[in-house]
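Trainee: Below are the structure tokens for one structure; questions will follow.
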Number of protein chains: 2
Amino acid sequence: MEHMPEASRDRHSPFPPDAPTRADAKAMDARDPLAGARDQFRLPQGLIYLDGNSLGALPRRAPDRVFEVMRLQWGEDLIAGWTRHGWMDLPLRVGSKIGELVGAPDGTLVACDTTTLNLYKLLAAALAERPDRRTVVSERGNFPTDLYVAEGLFRTLGQGHRLKLADRAEDVVAAIDTDTAAVMLTQVDYRTGALHDMDAVTKAAHDKGALTIWDLAHSAGALPVDLAGTDADYAVGCGYKYLNGGPGAPAFLYVARRLQASFVPALQGWLGHARPFDFDPAYVPAEGIGRTIVSTPSVLSLAALEAGVDTLRSWRMADIRAKSEALTEIFRILIDPLAERLGLTRASPRDPALRGSQICYRHPEGYAIIQALVERRIVGDFRAPDILRFGFAPLYLRHVDAWDAAANLVDVIETRAYDDPRLRVRARVT
Amino acid sequence: MEHMPEASRDRHSPFPPDAPTRADAKAMDARDPLAGARDQFRLPQGLIYLDGNSLGALPRRAPDRVFEVMRLQWGEDLIAGWTRHGWMDLPLRVGSKIGELVGAPDGTLVACDTTTLNLYKLLAAALAERPDRRTVVSERGNFPTDLYVAEGLFRTLGQGHRLKLADRAEDVVAAIDTDTAAVMLTQVDYRTGALHDMDAVTKAAHDKGALTIWDLAHSAGALPVDLAGTDADYAVGCGYKYLNGGPGAPAFLYVARRLQASFVPALQGWLGHARPFDFDPAYVPAEGIGRTIVSTPSVLSLAALEAGVDTLRSWRMADIRAKSEALTEIFRILIDPLAERLGLTRASPRDPALRGSQICYRHPEGYAIIQALVERRIVGDFRAPDILRFGFAPLYLRHVDAWDAAANLVDVIETRAYDDPRLRVRARVT
């Protein structure tokens with residue numbers, strides 16, 4: 001399909017006559033307000049990359065930006081770079097820019113450390129805010145590291161805290177009670193893309209006196225989030241997915257302003273001190289969000305993250321979300337009617353308003369199918385035990401990519417192209 | 001001094017006739033086995049950089065290495081980079097290379113996170129190893145973040161742990177008793193450069209059943225350390241000082257092999273799981289050092305750190321230490337005889353074997369003197385309340401730099417060049 005001449009592709013369409021055509025998809029691209037965004041990324045020729053929710057693509061400006069920080073700032077100014085180039089302020093500066101994308105006012109969000117470490121900081125602070133409560137509500141299908149970090153903290157505390165895990169997203173609210181210190185959820189389910197209703201859950205938590213900790217790993221940069229507007233208490237998120245900060249980019253952390261003065265940092269480091277350069281043997285936490293910072297900022301990786309975030313900020317979040325819904329919806333509209341025949345079961349919600357920027361199907365041969373698609377240079381990913389996950393980063397994917405990906409999925413299954421022992425050897429995938 | 005013609009410099013020597021001459025220093029450079037190392041760094045023309053113990057210089061190979069990781073690995077291979085380019089193994093791979101510099105066998109040292117966060121991990125594990133003990137011995141003059149992180153952990157634990165701080169380095173051993181869970185020390189004092197005797201302290205700790213946690217921030221890459229040979233239990237260190245990993249580079253962490261199986265991670269993240277890609281809701285710690293890793297590796301900054309470490313590894317540690325001692329010794333031999341007249345008091349040990357790669361003096365006008373030297377493009381740093389700190393990174397400094405720095409220090413004080421209100425305005429220094 002990939003190497004087929006354009007004109008002939010429609011004649012080979014595997015879809016019924018009433019389905020959207022490849023020409024329809026191209027027409028949508030022609031009127032796409034984000035059409036110019038693709039050129040701000042370096043993408044390999046001919047690749048359809050549907051895994052930007054795992055690792056975002058390389059923003060065109062990022063390598064030069066990092067090179068400049070290394071050669072001109074670090075190389076020429078050495079230690080003076082900390083003041084001359086504002087390195088010390090990077091967590092707040094990049095944090096403010098991310099804040100614009102997720103509704104966090106200035107001074108409530110910082111970029112630093114990793115999602116897991118930031119979650120530890122917030123969960124420890126939340127438990128300190130609710131010292132008489134012993135449960136943290138989450139869901140069994142939450143991204144495992146979120147559950148691990150909670151269990152590790154609970155064991156360290158040794159005070160009998162425990163996770164109360166809802167089996168299904170819709171059971172979360174019922175699990176919240178007056179023993180709930182915090183509700184810790186990932187807004188977009190990493191496997192199915194299902195969206196939690198942040199407003200409703202936050203309200204339900206507050207009604208019982210519980211705090212909320214939102215993991216925005218698959219939200220930030222992909223859909224509008226309004227942390228302040230929904231009255232969220234705490235949040236974390238990932239820098240290397242839709243923020244395109246590069247592999248292992250720094251994460252971010254949000255603390256509502258009303259909770260900052262009472263925020264007790266479990267991880268006390270010198271950069272979170274009110275006066276770090278006094279080298280005071282006694283820790284005095286900085287005012288505001290500054291106390292959530294622990295260590296010297298990771299300047300090179302924050303520079304790359306800033307380039308990713310700057311790339312996003314040139315575009316309107318409403319357009320990003322509209323295109324995201326259109327992309328996953330093209331794919332769904334094409335696949336759904338054939339799903340039963342192909343052995344696919346949709347794992348994502350039908351309504352695009354209820355899912356993130358991904359669409360997922362289950363298939364018993366999911367792993368091999370994803371591998372067969374990779375051979376055609378269509379990169380999605382597989383999540384055990386049987387989920388085919390297709391992420392659509394709206395900034396650099398075209399509507400025609402969604403059409404081609406769907407057509408190839410049908411073709412791979414119909415021609416049993418996945419039925420190849422080579423494709424069943426599980427490599428260590430990410 | 002900086003712009004004086006070379007031939008005339010000796011005629012303006014501020015030192016007595018029997019002191020080493022600038023020509024002597026140049027002769028030492030001529031027979032320096034590390035002379036070729038300087039060219040492996042990009043250093044600004046005419047700058048004498050004596051702050052490599054705060055932020056190391058830029059290795060010549062680093063920008064291209066990072067650029068390649070961004071453009072070719074991330075840009076071309078995207079998610080496949082994790083396997084194709086061994087990104088996932090970076091903490092262990094870079095860790096092994098650092099391990100060669102500090103006597104840590106393969107599989108006992110990883111590069112990840114920050115010094116402070118790694119210290120938290122180790123201290124939490126040490127307290128879990130010694131559940132019946134309640135004190136951690138350190139010294140009042142330890143780098144403050146080390147003390148902050150301990151206090152933060154103790155408060156989080158809520159079990160009555162406390163720091164027992166020796167007022168002087170020589171009082172540490174006497175402070176260790178059977179209630180001591182761990183002895184936590186920075187090997188090289190960040191202000192004075194004084195070296196702890198790792199062998200003696202470790203033995204004293206073990207005699208009382210206590211564990212040791214060594215902070216190698218100012219040691220790694222500057223002097224030979226033999227973690228396994230001294231039977232150290234745990235260690236952390238910094239990537240952006242003598243390892244030249246760049247501003248805010250990842251740090252490292254060491255756990256003696258015999259303590260790995262019982263290591264209880266307080267910070268449980270998905271990368272520390274035995275099978276991270278199973279996305280198992282239950283945490284099962286990886287075997288060995290892997291369980292100390294929490295999060296997705298920070299690939300760009302680990303690539304820069306690897307370039308720094310690779311640069312170091314081309315040279316013999318014995319030569320590095322010998323030159324380090326020679327550099328600080330030139331400076332000391334020149335300054336000591338004039339110190340009283342200049343109002344300087346040496347803060348570092350007289351014997352080079354007892355200090356790290358820095359030499360420090362106290363002066364009531366220390367801050368302004370450091371600023372006046374910066375105006376002459378000689379960059380040392382100031383540590384409150386009155387310490388002038390001169391770090392000598394042996395790979396890129398010449399003996400003649402030590403001579404010139406000393407001559408300028410004398411000149412700045414004798415001519416009262418520091419006595420300028422501009423130089424007293426404290427900027428936010430690092």
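Trainee: Hey, among B:297, B:337, which residue is more than 19 Å from the chain's Cα centre (by Cα), of a type outside the set (Phe, Trp, Tyr) and in the same structural domain as residue B:190 (by TED's automatic domain parsing)?
Mentor: Numbers: B:337 fails: in the same structural domain as residue B:190 (by TED's automatic domain parsing).
Every option except B:297 fails the conditions.
Trainee: From B:202, B:192, grab the single residue that is within 14 Å of chain A (Cβ to nearest Cβ), of a type in the set (S, T, N, Q) and within 24 Å of residue B:325 (Cβ to Cβ).
Mentor: Working: B:202 fails: within 14 Å of chain A (Cβ to nearest Cβ).
Being within 14 Å of chain A (Cβ to nearest Cβ), of a type in the set (S, T, N, Q) and within 24 Å of residue B:325 (Cβ to Cβ) holds for just one of B:202, B:192, which is B:192.
Trainee: Under 8 Å between Cβ atoms, at least 6 apart or on separate chains: pull out the pairs that start in the stretch B:148-173 with a residue that is facing chain A (nearest Cβ under 7 Å) and end on any residue that is surrounded by fewer than 19 Cβ atoms within 10 Å (Cβ to Cβ) and part of a strand (DSSP E or B).
Mentor: What qualifies is B:151/B:163.
Trainee: Follow-up. Can you spot a residue in the stretch A:128-138 that is under 27 Å from residue A:192 (Cα atoms) and touching a Leu at 6+ places or on another chain (Cβ under 7 Å)? Spell out the reasoning first.
Mentor: To start, the set of residues in the stretch A:128-138 that are under 27 Å from residue A:192 (Cα atoms) comprises A:135-138.
If we keep only those that are touching a Leu at 6+ places or on another chain (Cβ under 7 Å) as well, we get A:136, A:138.
Scanning the stretch A:128-138 turns up at least one residue that is under 27 Å from residue A:192 (Cα atoms) and touching a Leu at 6+ places or on another chain (Cβ under 7 Å).
Trainee: Looking only at the stretch A:195-237, how many residues end up being crowded, with 20+ Cβ neighbours inside 10 Å and out of contact with any strand residue (DSSP E or B) (no Cβ under 7 Å at 6 or more places or on another chain)? If you could, list the steps in order and put the result at the bottom.
Mentor: Kept after step one, since they are crowded, with 20+ Cβ neighbours inside 10 Å, are these residues of the stretch A:195-237: A:195-196, A:198, A:201-202, A:204-205, A:210-223, A:225, A:227, A:232-237.
If we keep only those that are out of contact with any strand residue (DSSP E or B) (no Cβ under 7 Å at 6 or more places or on another chain) too, we end up with A:204, A:221-223, A:225.
So the answer is 5.
Trainee: Next up: Output the residues belonging to the stretch A:51-72 that are facing chain B (nearest Cβ under 8 Å) and touching a residue at least 40 places away in the same chain (Cβ under 8 Å). Quick ask: steps written out before the conclusion?
Mentor: So the first thing to find is which residues in the stretch A:51-72 are facing chain B (nearest Cβ under 8 Å), and the list is A:51, A:54-55, A:57-58, A:62-63, A:66-67, A:70-71.
Once the filter is applied, which keeps residues that are facing chain B (nearest Cβ under 8 Å) and touching a residue at least 40 places away in the same chain (Cβ under 8 Å), the stretch A:51-72 yields A:51, A:54, A:55, A:57, A:58, A:62, A:66, A:70.
Trainee: Of all residues in the stretch B:274-292, how many are surrounded by 18 or more Cβ atoms within 10 Å (Cβ to Cβ), at the interface with chain A (Cβ under 10 Å from one of its Cβ atoms) and part of a helix (DSSP H, G or I)?
Mentor: Count: 1.
Trainee: Kindly evaluate residue A:282 against the criterion of being outside the structural domain of residue A:185 (by TED's automatic domain parsing), free of Cβ contacts under 8 Å to residues at least 24 places away in the same chain and over 21 Å from residue A:113 (Cβ atoms).
Mentor: On the way: outside the structural domain of residue A:185 (by TED's automatic domain parsing): no; free of Cβ contacts under 8 Å to residues at least 24 places away in the same chain: yes; over 21 Å from residue A:113 (Cβ atoms): yes.
Spelling it out, it is not the case that residue A:282 is outside the structural domain of residue A:185 (by TED's automatic domain parsing), free of Cβ contacts under 8 Å to residues at least 24 places away in the same chain and over 21 Å from residue A:113 (Cβ atoms).
Trainee: Would a scan of the stretch A:160-182 turn up a residue that is modelled with pLDDT of 95 or more, crowded, with 21+ Cβ neighbours inside 10 Å, farther than 15 Å from residue A:201 by Cα and out of contact with any strand residue (DSSP E or B) (no Cβ under 9 Å at 6 or more places or on another chain)?
Mentor: Scanning the stretch A:160-182 turns up no residue that is modelled with pLDDT of 95 or more, crowded, with 21+ Cβ neighbours inside 10 Å, farther than 15 Å from residue A:201 by Cα and out of contact with any strand residue (DSSP E or B) (no Cβ under 9 Å at 6 or more places or on another chain).
Trainee: In the stretch B:345-361, which residues are crowded, with 24+ Cβ neighbours inside 10 Å and under 20 Å from residue B:16 (Cβ atoms)?
Mentor: Taking the stretch B:345-361 first, the residues crowded, with 24+ Cβ neighbours inside 10 Å are B:348, B:355-361.
Scanning the stretch B:345-361 gives B:359, B:361.
Trainee: Provide a single number: the residues in the stretch B:95-130 that are more than 30 Å from residue A:266 (Cβ to Cβ), surrounded by fewer than 21 Cβ atoms within 10 Å (Cβ to Cβ) and hydrophobic (A, V, I, L, M, F, W, C).
Mentor: Of the residues in that region, 0 qualify.
Trainee: Under the condition of being in a helix (DSSP H, G or I), out of contact with any helix residue (DSSP H, G or I) (no Cβ under 8 Å at 6 or more places or on another chain) and surrounded by fewer than 15 Cβ atoms within 10 Å (Cβ to Cβ), which residue from the stretch B:25-46 is nearest to the other protein chains (Cβ to nearest Cβ)?
Mentor: Selected residue: B:39.
This table checks each residue for (1) in the same structural domain as residue B:221 (by TED's automatic domain parsing); (2) surrounded by 20 or more Cβ atoms within 10 Å (Cβ to Cβ); (3) in contact (Cβ under 8 Å) with a residue 12 or more places away in the chain.
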| position | (1), (2), (3) |
| --- | --- |
| B:363 | no, yes, yes |
| B:371 | no, yes, yes |
| B:386 | no, no, yes |
| B:389 | no, yes, yes |
| B:393 | no, yes, yes |
| B:404 | no, yes, yes |
| B:412 | no, yes, yes |
| B:415 | no, no, no |
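For every residue, the table says whether it meets (1) farther than 30 Å from residue A:315 by Cβ; (2) within 14 Å of chain B (Cβ to nearest Cβ).
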position: A:340; (1), (2): yes, no
position: A:344; (1), (2): yes, no
position: A:354; (1), (2): no, no
position: A:361; (1), (2): no, no
position: A:384; (1), (2): yes, yes
position: A:387; (1), (2): no, yes
position: A:396; (1), (2): no, yes
position: A:407; (1), (2): no, no
position: A:419; (1), (2): yes, no
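Trainee: Let me ask you something else. Taking the stated definitions as given, is residue B:41 modelled with pLDDT of 95 or more and in the same structural domain as residue B:328 (by TED's automatic domain parsing)? Break it down into steps so the answer makes sense when it comes.
Mentor: Numbers: modelled with pLDDT of 95 or more: yes; in the same structural domain as residue B:328 (by TED's automatic domain parsing): yes.
Yes; evaluated as a whole, the condition is true for this residue.
Trainee: Now for a separate question. From the set of residues in the stretch A:52-64 that are crowded, with 17+ Cβ neighbours inside 10 Å and out of contact with any Ser or Thr (no Cβ under 9 Å at 6 or more places or on another chain), which is nearest to residue A:216 (Cα to Cα)?
Mentor: Step by step, filter the stretch A:52-64, then rank; the result is A:56.
Trainee: Looking at (1) over 30 Å from residue B:362 (Cα atoms); (2) crowded, with 24+ Cβ neighbours inside 10 Å; (3) within 17 Å of the chain's Cα centre (by Cα), which one does residue B:324 not meet, given that it meets all the others?
Mentor: It fails just one condition, (1).
Trainee: Which residue out of B:301, B:295, B:314, B:324 is more than 14 Å from chain A (Cβ to nearest Cβ), in contact with a Leu (Cβ under 9 Å, 6 or more places away or on another chain) and of a type in the set (Ser, Thr, Tyr)? Please lay out each step first, then the result.
Mentor: Numbers: B:301 fails: more than 14 Å from chain A (Cβ to nearest Cβ); B:295 fails: more than 14 Å from chain A (Cβ to nearest Cβ); B:314 fails: in contact with a Leu (Cβ under 9 Å, 6 or more places away or on another chain).
After ruling out the rest, the residue left standing is B:324.
Trainee: Let me ask something else. Hey, any hits in the stretch A:304-311 for a residue that's of a type outside the set (Ser, Thr, Tyr), surrounded by fewer than 24 Cβ atoms within 10 Å (Cβ to Cβ), within 22 Å of the chain's Cα centre (by Cα) and away from chain B (no Cβ under 14 Å)?
Mentor: yes
Trainee: Being among the hydroxyl-bearing types (Ser, Thr, Tyr), buried (at least 24 other Cβ atoms within 10 Å of the Cβ) and either at negative phi or in a loop (DSSP other than H, G, I, E, B) (or both): is that true of residue B:240 here?
Mentor: Values: among the hydroxyl-bearing types (Ser, Thr, Tyr): yes; buried (at least 24 other Cβ atoms within 10 Å of the Cβ): yes; either at negative phi or in a loop (DSSP other than H, G, I, E, B) (or both): yes.
Yes.
Trainee: Quick one: in the stretch B:243-256, of everything that is outside any loop (DSSP other than H, G, I, E, B) and more than 10 Å from every other protein chain (Cβ to nearest Cβ), which residue is farthest from residue B:193 (Cα to Cα)? So that I can check it myself, show each step before the final result.
Mentor: Keep residues of the stretch B:243-256 that are outside any loop (DSSP other than H, G, I, E, B), which gives B:251-255.
Among the residues that remain, those that are also more than 10 Å from every other protein chain (Cβ to nearest Cβ) are: B:252-255.
Details: B:252: 21, B:253: 22, B:254: 22, B:255: 25 Å.
Here the residue is B:255.
Trainee: Within the stretch A:74-94, count every residue that is more than 8 Å from chain B (Cβ to nearest Cβ), buried (at least 22 other Cβ atoms within 10 Å of the Cβ) and either in contact with a Cys (Cβ under 8 Å, 6 or more places away or on another chain) or more than 25 Å from residue A:228 (Cβ to Cβ) (or both).
Mentor: 1
Trainee: If you go through the stretch A:376-386 one residue at a time, do you hit one that is within 18 Å of the chain's Cα centre (by Cα) and aliphatic (A, V, I, L, M)?
Mentor: yes
Trainee: Now for a different question. Going by the conditions given, is residue A:264 surrounded by fewer than 24 Cβ atoms within 10 Å (Cβ to Cβ), in a loop (DSSP other than H, G, I, E, B), touching a helix residue (DSSP H, G or I) at 6+ places or on another chain (Cβ under 8 Å) and within 10 Å of chain B (Cβ to nearest Cβ)?
Mentor: Working: surrounded by fewer than 24 Cβ atoms within 10 Å (Cβ to Cβ): yes; in a loop (DSSP other than H, G, I, E, B): yes; touching a helix residue (DSSP H, G or I) at 6+ places or on another chain (Cβ under 8 Å): yes; within 10 Å of chain B (Cβ to nearest Cβ): yes.
Considered against the rule, which asks whether it is surrounded by fewer than 24 Cβ atoms within 10 Å (Cβ to Cβ), in a loop (DSSP other than H, G, I, E, B), touching a helix residue (DSSP H, G or I) at 6+ places or on another chain (Cβ under 8 Å) and within 10 Å of chain B (Cβ to nearest Cβ), residue A:264 comes out as yes.
Trainee: Could you grab me the full set of residues in the stretch B:82-111 that are of a type in the set (Ser, Thr, Tyr) and in contact (Cβ under 8 Å) with a residue 40 or more places away in the chain?
Mentor: The initial filter retains those residues of the stretch B:82-111 that are of a type in the set (Ser, Thr, Tyr), namely B:83, B:96, B:108.
Correct list: B:108 only.
Trainee: Now, a different point. Since residue B:230 meets every condition but one in (1) away from chain A (no Cβ under 14 Å); (2) touching a Cys at 6+ places or on another chain (Cβ under 9 Å); (3) among the polar types (S, T, N, Q), which condition does it not meet?
Mentor: The single condition residue B:230 does not satisfy is (2).
The values are calculated or read from the model by the stated rules, or taken from the named source; none is laboratory data. For clarity, every value in this text was computed on a predicted model and none was experimentally measured. Counting neighbours? That spans all protein chains shown, and the Cβs are built from the backbone with ideal geometry, glycine included.
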